[in-house]
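Here is the structure we will look at.
Just so it is clear, none of the values below were taken in a lab; they were calculated from the coordinates. Predicted, not measured: the structure shown is a model, and the values here were computed from it. Cβ placement follows ideal geometry from the backbone for every residue including glycine, while neighbour counts extend to all protein chains displayed.
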Amino acid sequence: MQRRDFLGLAGATALSPLLGPVWAARAEGPPRRLVVVMLRGAVDGLNVVVPHGEAAYYEARPTIAIQKPGSDTGALALDGHFGLHPALAPLLPLWTDKKLAFIHAAGSPDPSRSHFDAQLYIENGTPGRGTTPDGWMNRLLAALPGPRNPTDALSVGPVLPYIFKGREAVANLPLGAKAAQPMAIDRPDVASAFDKLYAGNDRQSEIYRQGRAARTQLVADMGSEEQKMADNGAPPAEGYPAIAERLAQLVTQDKHIRLVFVSLGGWDTHARQGNDKGQLAERLKALGTGLATLAHGLGPDWNDTVVAVVSEFGRTVHENGNGGTDHGHGNVIWVLGGPVRGGKIYGEWPGLGAAQLYQGRDLAVTTDYRHPLAAIAERHLRLDDKALTKIFPGMPSARGNFADILAA
């Protein structure tokens, strides 16, 4: 194969199956990190952060409501109005330590209830506009100051998600058994041939060499223990604790990792959702355990890490006839980490009265999901307004009080 023919397959992305991780070099800079966890399928935020102070919540959910704090199966008290799903008990110490906060009634201003469209808008950062060619985390990666390093960004999973799509090359790391398995490029004869093919100073050669360096580094970081993990690809929430443990090890070993994206499936609870027990509770327990594992495993690096948990939209206020909930609108964003000013529910709570519901059925969105993410980029990653307008083009300028959610 001629070099020009190989490049013609798909540009830089053609290297991905051969190299595994492919990276563009970026800045060392201060070791401040952002981890974004996306719950695909639309988690029921009303049963995550429970508005137990509203009678309308219990009227709308006769079989799946989480009981008030104080009972054995009740919510864990956060404040006088909200409580945490009991399955998330592993996270309560973070709330007590003021390292966990929630933003309720948050979401996309676009009204779509399509999983495909809503996830696209969360990932491309332009609600209602599906033609945006790249994802906001790729634009964020491009905006990070300083020289590049091969391991700036990490996407956990075998397929590049839209949120990382764009000009900046990003690795897809399964964090499963296949992540460290030998690949064609690991064979000396193949490596030597491609090293000669990409020995120039052009952009494609640079990307190839960066990808080679990143794969070598990450496989060394993972070591033989990685072989013991199941290769979930895009895993359900039940696989998250093991992924979080391995991710913490990677981050503590490689101080250059600054952006991480993980997505977890299984949150589309149209039937048999349950209350303190059931399928939602089981997934929340795994998620909470995983987030607590990540916080503990990072050790001192937790002080420089912010984790944001998002989902494409919320679910209906009223339960349906199958003991579940349907596609809704407003939801809850989770923010946790060493720099977080937590122990507080942020955002404007619109209420669950009939007149307060969006289209008569859903929790209204009072916080554009981009505003807290922009605040994290600005305050934690130290980006200016010019960079933010590129990361979230068309974002309304009013950002509320979300700068207060992080320490300087």
- prompt: If you stretched the chain out fully between K390 and N322, how much longer would it get, using 0.36 nm times the residue separation minus the C-alpha to C-alpha distance?
  reply: 20.1 nm
task: Taking amide H positions as placed in the peptide plane 1.01 Å from N, state which residues far from A105 in sequence (5 or more) or on other chains have amide H under 5 Å from it.
output: N331
query: Residues with beta-carbon under 13 Å from that of T289, excluding T289: net charge, scoring Lys, Arg +1 and Asp, Glu -1?
result: -1
query: Of K165/K196; K196/K386; K285/K344, which pairs sit farther than 31 Å apart, going by alpha carbon to alpha carbon?
result: K196/K386
- prompt: Once phi is turned into ³J(HN,Hα) by the Karplus curve 6.51 cos²θ - 1.76 cosθ + 1.60 with θ = phi - 60°, what whole-Hz value does each residue of the range 379-394 show in order, with x for glycine and proline?
  reply: 8, 8, 8, 6, 9, 9, 4, 4, 5, 5, 5, 7, 6, 10, x, x
- line: Amide H neighbours of N172 at under 5 Å, excluding residues fewer than 5 places away on the same chain, with H built from the backbone geometry, are V22
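Going by how many other Cβ atoms sit within 10 Å of their own, how do L92, L34 line up, fewest first?
Fewest-to-most ranking of L92, L34: L92, L34.
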query: For the range 312-317, in order, what is each residue's ³J(HN,Hα) by Karplus, 6.51 cos²θ - 1.76 cosθ + 1.60 with θ = phi - 60°, in whole Hz (x at glycine and Pro)?
result: 5, 6, x, 10, 4, 5
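If each residue's Cβ is checked for other Cβ atoms within 10 Å, how do T269, T316 rank with the fewest at the top?
Least crowded to most crowded, the residues run T316, T269.
Which FRET efficiency value, to the nearest 0.05, do you get for R341 and K196 by plugging their Cβ-Cβ distance into 1/(1 + (r/R0)^6) with R0 = 51 Å?
Working: r = 53 Å, r/R0 = 1.05.
E(calc), rounded to 0.05, equals 0.45.
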message: Which of D152, D368 has the fewest other C-beta atoms within 10 Å, and how do the rest follow up to the most?
response: D368, D152
Distant-in-sequence amide H partners of L84 (H built 1.01 Å from N, under 5 Å): V50, L76, A77, L78
